[in-house]
Amino acid sequence: MANTPDYSWPPMDQRKVIGQPYKRVDGPAKASGRAKYSSDYLSRDLLFGAYQTCPHAHARVLSVDTSEAESTKGVMAVHVAAPAGTEIQWAGAEIAAVAATSTEIAWDAVRKIKVQYEVLPHLVNETDLSKAGARAKAAGERLTGDPDKAFQEAEVTSEGHYGIPVINHVCLETHGSVTQWKGQGDDSQLQCWVSTQDVTHYAGSLAPNLKVPAANIHVRQDHVGGGFGSKFSPDAWGEVAARLSQKAGGRPVKLFLDRATDQKIAGNRPSAYGWIKIGGKRDGTITAWESRTWGTGGFTGGGSPPLPYIITGIPNQRMNHTAVSTNIGPSRAWRAPNNQQASYMTCGAVEDFAAKAGLDPLEVFKINARYTPEARRDTYLFHFDKAAELAGWKKLWHPRGESGPGPMKRGLGIGFNAWAGLGHQSQCRVTLHADGSVNVDIGTQDLGTGTRTIILQVAAETLGLPIGAIKLAIGSNDLPPDSASGGSTTVGGVSSSTRKASMNALAKLYELAAQTLGTTADQLEAAEGRIRVKGTPAKSITWQAACRRIPASGVISEIGETNPRNPMGLMAGGVAGVQMADVSVDIETGVVKVNRYVAVQDCGLIINPRLAESVCYGAISQGISTALYEQRFMDGQTGRMLNPNMEFYKLAGIGDIGDIVVHLDIRPENDKRGVVGLGEPPAVAICAAIGNAVANAIGVRVPNIPMTPEHVLAALEGRTV
Amino acid sequence: MQAFEYANPSTLQEAVALLAPQRGQTDVLAGGTDLISLMKDYIHTPKRLVNIKNIQELEGIRASAGGLRIGALVTMDELARNAEVRASYKALADAAAGIPSPQIRHMGTVGGDLCQRPRCWYFRGGFGLLATDNGKPLVPDGENHYHAIFGGGPAYFVSASSLGPALVAMGARVKLVSAKGSREVAVKSFFVAPKDENTREIVLRPDEILSEILVPAPAVHSATYEVRQKEALDWPLAAASVALTMKGSVVAGAKVVMGHVAPIPWEAAAAEKALAGKTITAASAEAAGKAAVEDAQPLSRNAYKVQLASVAVKRALLEAVKGKA
Ligand SMILES: Cc1cc2nc3c(=O)[nH]c(=O)nc-3n(C[C@H](O)[C@H](O)[C@H](O)COP(=O)(O)OP(=O)(O)OC[C@H]3O[C@@H](n4cnc5c(N)ncnc54)[C@H](O)[C@@H]3O)c2cc1C
């Protein structure tokens, strides 16, 4: 192993490119519309796909008659996805698809497909557990310590109800692909322009069902219009697009879900509702926790929030969770799965306990930091104070409900987050050419988080070159394999593999340059576009001169690989974070506005502070939307989602967000951990902080997210909704 | 979207000649901000679309001593910015300015605003104006969070037009033109709460075009207040437009009309009565707000809108007299 380079990151004070706030390299292309998403794909021979979906929440398909659709002019292929006999478990489920020469023809043809159903009983709302009957499945009690005794001995107890509904991902680019299938069997060639969080494994997931070698499936994606955890696999529609293309003689088929269908079936975050009781001492120390919760993640139930969140060490706990099976589209991972729900419920219960004890919740959170995992305990304590300082807590906080006269009430609230974020398996290939040009290739994807920019910064730092000197390729499965972008794992994965591949390539280049410079390879470094002798920068040659030594017949091409089991100090997992919301509530209308939102975010080595902050802004904007607006209205009578659109499925706009203040906790002791992913942690605590701020402002708990006028006014009037 | 014939007339006369008297055959296209989505959802499937945007005579705002004439093609943005409208017809300017998103204000026309279809999600989901499934009304036992709190059915949708209540409060009329001639209708009577599935929510006949809005000389004090949850692309949860004629500092006559709470702009006669002879103060405005919702009939999930309507009336009244002696 003598020749293994030392991959460790350059010390904080010696970094030239890493740590700089570069703007996203693809920003101008995106802002100007030059960036092409797969859903923008157009070609002369393109066919347009559309689905007929099931209008019933639970039904059996009795017959599907596609004859009229098939004979419609312009229809090139029809595929039945749910033949007679299929049991449908949610409205919006795909029944049959057509591919036609225009979108309009496709939609007209879809309506000519005649489907008969036997309609079966459904359940689409789970807020009232007593109505769930046999569809509710208790997970069994989890017991720690002696909660009965602890509650008896408690000096203060509080209890409350907390609920957070099923929400949608609402990716601006809906789910789907453009897929072209030419040839047959082993001679098949598939070209897929996709919208995915996992370019590398798309082909492998698609191949078995189509019975085509994965090696013959070519996957491309330059940009993706949102995923948030809902775009990990090709999905049924990826396969159907391929089948339609094959039936249509190999013409490419564009099959992206329409907005309504996307919202019904392509992404649901599980709900969580429940009752929580907390017991503790007069000083705010919690000694006992009891919770009875339920929720749904669709037909399979699912979605158990990890309670108590972060303060896991509470010595006495009794917990019961019930999963409810409902006839709604299946759940998908949503930016830190189950953590938002757990954070909202836990922080709400802690805030209610503080109010009952007559204490400042900031002090109660701090005193109970003893129950947080030891590795981040000091960080939480530090963050509570830092967030309080930035939010003006000392000045602005007041005891619950003491908000002064007039209809506008201001309040402050706290939420906290935790996440792992260790980098994923990744391979990078760095190729140096004799003319000095450089390729960096990784089969990863940029979800809008700035992955391209990050990779370029790492390569540029390591090779001692400007960012513009490097040609980067991502978004294809012809490139070295990367992993799914999920779990905040991308930045750690791609930064390590890029670092290693760049160092490995440099090691080869040093061997060539060492001869010219009359030294040994281990004495060389790459900086400022030169290869130079460490400690004697005057002894150097230009990057181009070094590369000219690469034999004309070849290139230097080296792989670097990230292995999560051996991070080599380049990356780590585990972050904390504390957030505080400052809201105003109009108690005559129940309208809540966020004045300011403070996020103190734990982190590791930050490759690009602008992008890290930007990820926090995005997460918080999305969280504010969830906390105040987002609701799926499921009609119990018809079993349908009534608002599968972006009009009554309300989303925050720029004017609804308020001021966001992000403080990244960049400190030497955090930096030395290496890179830690940040995609998810800042998205966790927004409902928690806003829910608590509203309670602080108006003097009562609004149990259920979102904080709509309907919910707020009901809480003020002591009604339940 | 079903294929259709596209007609592009340049005069009102040509345009009305292209319209069919039976429902469902032809549709008038103005800004298209509503109609196109109705067509994409197959709620409207016209065989012919008559684009009226090239008809000069439907343009323009004209103010005179006798009042205001607003052409049907005037956009919400033009209306909201018009100096005359802002100065003397504040309730109308407020309502137009409240309509969200610059895109909709720039594309959406005043004619289209008055003629737009209800946003009731059962209607948009294909269950008809009265929202029934095999004869069973879906709204009373359904998700009626945004539905009517006045009227008592069988129509439970809320009139979508934000301009409607302001125009009713101001006593405006609309001119409706067909190949057979023209008629003027008070905006108050333009909107109807249908009792059966074959009646539309406005009296406009399929072969008519709304050519202009005529607003009489203004009441001095007017305002619109909307309770909106968000700033971005959203509908008011409740709104109120008021127009007051004053004798000194006391109310000589009041028009109070609530929006987004009933299938039609809802006139609050009790509030109007409560205000007569009063000065507008926080207390009298609040009392009028309370009176306005006395006979509200909320549904299972929209009781909260009663409070919002009451607050909208109160705040509109206070806004109307703000800064005025
Ligand atoms: C997210 C969202 C929020 C909105 N919020 C509001 C709001 O808060 N308040 C509000 O009032 N509106 C709101 N709107 C609706 C918007 O104001 C209307 O879509 C717009 O006013 C319609 O005008 P248009 O010219 O685009 O009409 P079109 O879409 O062209 O036509 C709408 C209907 O009116 C008919 N029509 C149009 N002009 C005439 C005419 N001159 N004569 C006869 N028939 C005619 C058409 O045939 C069609 O049936 C909102 C819309 C959206 C999408």
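Here residue B:181 does not qualify as under 18 Å from residue B:259 (Cα atoms) and either within 16 Å of the ligand (Cβ to nearest atom) or away from chain A (no Cβ under 13 Å) (or both). Residue check: residue A:460 meets all listed conditions (1) out of contact with any Pro (no Cβ under 7 Å at 6 or more places or on another chain); (2) part of a helix (DSSP H, G or I) but one, namely (1). In the stretch A:173-184, the count of residues that are at pLDDT 95 or above, out of contact with any strand residue (DSSP E or B) (no Cβ under 7 Å at 6 or more places or on another chain) and either surrounded by fewer than 22 Cβ atoms within 10 Å (Cβ to Cβ) or of a type in the set (Phe, Trp, Tyr) (or both) is one or more. Close Cβ contacts (under 6 Å, 6 or more residues apart or on different chains) running from residues in the stretch B:85-114 that are among the charged types (D, E, K, R) to residues that are in a helix (DSSP H, G or I) and away from the ligand (no atom under 12 Å from the Cβ) comprise B:86/B:93. Only a single item in (1) more than 23 Å from residue A:11 (Cβ to Cβ); (2) in the same structural domain as residue A:397 (by TED's automatic domain parsing) is not met by residue A:517, and it is number (2).
I'd like to verify a number: residues in the stretch B:297-325 that are assigned to a helix (DSSP H, G or I), in contact with a Lys or Arg (Cβ under 8 Å, 6 or more places away or on another chain) and within 14 Å of chain A (Cβ to nearest Cβ), how many? Adding up the residues that qualify gives 1.
Screening A:681, A:703 for residues that are touching a residue at least 40 places away in the same chain (Cβ under 8 Å), farther than 18 Å from residue A:596 by Cα and surrounded by fewer than 24 Cβ atoms within 10 Å (Cβ to Cβ) leaves exactly one candidate, A:703.
Yes/no per residue for (1) within 15 Å of the ligand (Cβ to nearest atom); (2) closer than 30 Å to residue B:53 by Cα; (3) more than 14 Å from chain A (Cβ to nearest Cβ); (4) under 22 Å from the mean Cα position of the chain (by Cα):
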{"site": "B:214", "(1), (2), (3), (4)": "yes, yes, yes, yes"}
{"site": "B:230", "(1), (2), (3), (4)": "yes, no, no, yes"}
{"site": "B:238", "(1), (2), (3), (4)": "yes, no, no, yes"}
{"site": "B:248", "(1), (2), (3), (4)": "no, no, yes, no"}
{"site": "B:254", "(1), (2), (3), (4)": "no, no, yes, yes"}
{"site": "B:264", "(1), (2), (3), (4)": "yes, yes, yes, yes"}
{"site": "B:290", "(1), (2), (3), (4)": "no, no, no, no"}
{"site": "B:295", "(1), (2), (3), (4)": "no, no, yes, yes"}
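Exactly one residue out of A:529, A:560, A:535 is surrounded by 15 or more Cβ atoms within 10 Å (Cβ to Cβ) and at positive phi, and it is A:529. Among the residues of the stretch B:184-206, write down those that are within 12 Å of the ligand (Cβ to nearest atom) and either surrounded by 21 or more Cβ atoms within 10 Å (Cβ to Cβ) or hydroxyl-bearing (Ser, Thr, Tyr) (or both). B:190, B:201, B:202, listed by residue number. Annotation: of all residues in the stretch A:588-630 being in contact with a helix residue (DSSP H, G or I) (Cβ under 6 Å, 6 or more places away or on another chain) and acidic (Asp, Glu), the one that is farthest from the other protein chains (Cβ to nearest Cβ) is A:602. Looking at residue A:336, is it within 19 Å of residue A:143 (Cβ to Cβ) and among the small types (Gly, Ala, Ser)? Against the criterion (within 19 Å of residue A:143 (Cβ to Cβ) and among the small types (Gly, Ala, Ser)), residue A:336 does not qualify. With respect to the stated conditions, residue A:282 fails to be surrounded by 21 or more Cβ atoms within 10 Å (Cβ to Cβ) and basic (Lys, Arg).
Got a sec? Which of B:210, B:244 is more than 16 Å from the ligand (Cβ to nearest atom), in a strand (DSSP E or B) and crowded, with 23+ Cβ neighbours inside 10 Å?
Values: B:210 fails: more than 16 Å from the ligand (Cβ to nearest atom).
Matching residue, one of B:210, B:244: B:244.
Return the residues of the stretch A:113-145 that are assigned to a loop (DSSP other than H, G, I, E, B) and among the acidic types (Asp, Glu); say none if nothing qualifies. If you could, list the steps in order and put the result at the bottom.
In the first step, residues of the stretch A:113-145 are kept if they are assigned to a loop (DSSP other than H, G, I, E, B); the result is A:113, A:120-128, A:132, A:139-141, A:145.
Hits for the stretch A:113-145 are A:126, A:128, A:141.
Among the conditions (1) more than 10 Å from the ligand (Cβ to nearest atom); (2) within 18 Å of residue B:160 (Cβ to Cβ); (3) surrounded by fewer than 22 Cβ atoms within 10 Å (Cβ to Cβ), the only one that residue B:224 does not satisfy is (3). Looking only at residues of the stretch A:631-642 that are in contact (Cβ under 8 Å) with a residue 40 or more places away in the chain and over 23 Å from the mean Cα position of the chain (by Cα), we find that the one that is farthest from the other protein chains (Cβ to nearest Cβ) is A:639.
Please verify whether the stretch A:146-157 includes one or more residues that are within 14 Å of chain B (Cβ to nearest Cβ) and in a loop (DSSP other than H, G, I, E, B). No. When residue B:45 is tested against (1) within 26 Å of residue B:99 (Cβ to Cβ); (2) within 14 Å of chain A (Cβ to nearest Cβ), exactly one condition is not met: (1).
In the list B:122, B:156, which residue meets the criterion of being crowded, with 20+ Cβ neighbours inside 10 Å, away from every other protein chain (no Cβ under 13 Å) and away from the ligand (no atom under 16 Å from the Cβ)? Steps first, please.
Details: B:122 fails: away from every other protein chain (no Cβ under 13 Å).
Unique residue meeting the criteria: B:156.
Report yes if some residue within the stretch A:469-477 is surrounded by fewer than 22 Cβ atoms within 10 Å (Cβ to Cβ), out of contact with any strand residue (DSSP E or B) (no Cβ under 8 Å at 6 or more places or on another chain) and not in a strand (DSSP E or B); otherwise report no. No; the residues of the stretch A:469-477 include none that is surrounded by fewer than 22 Cβ atoms within 10 Å (Cβ to Cβ), out of contact with any strand residue (DSSP E or B) (no Cβ under 8 Å at 6 or more places or on another chain) and not in a strand (DSSP E or B).
Of the strands (runs of 3 or more DSSP E) entirely within the stretch A:531-603, those holding at least 3 residues that are under 30 Å from residue A:386 (Cα atoms) occupy A:575-586, A:591-601.
The values are calculated or read from the model by the stated rules, or taken from the named source; none is laboratory data. The shown structure was predicted, so the numbers you read here are calculated from the model rather than taken from an experiment. Here the Cβ is made from the backbone with ideal geometry for all residues, glycine too, and neighbour counts use every protein chain on show.
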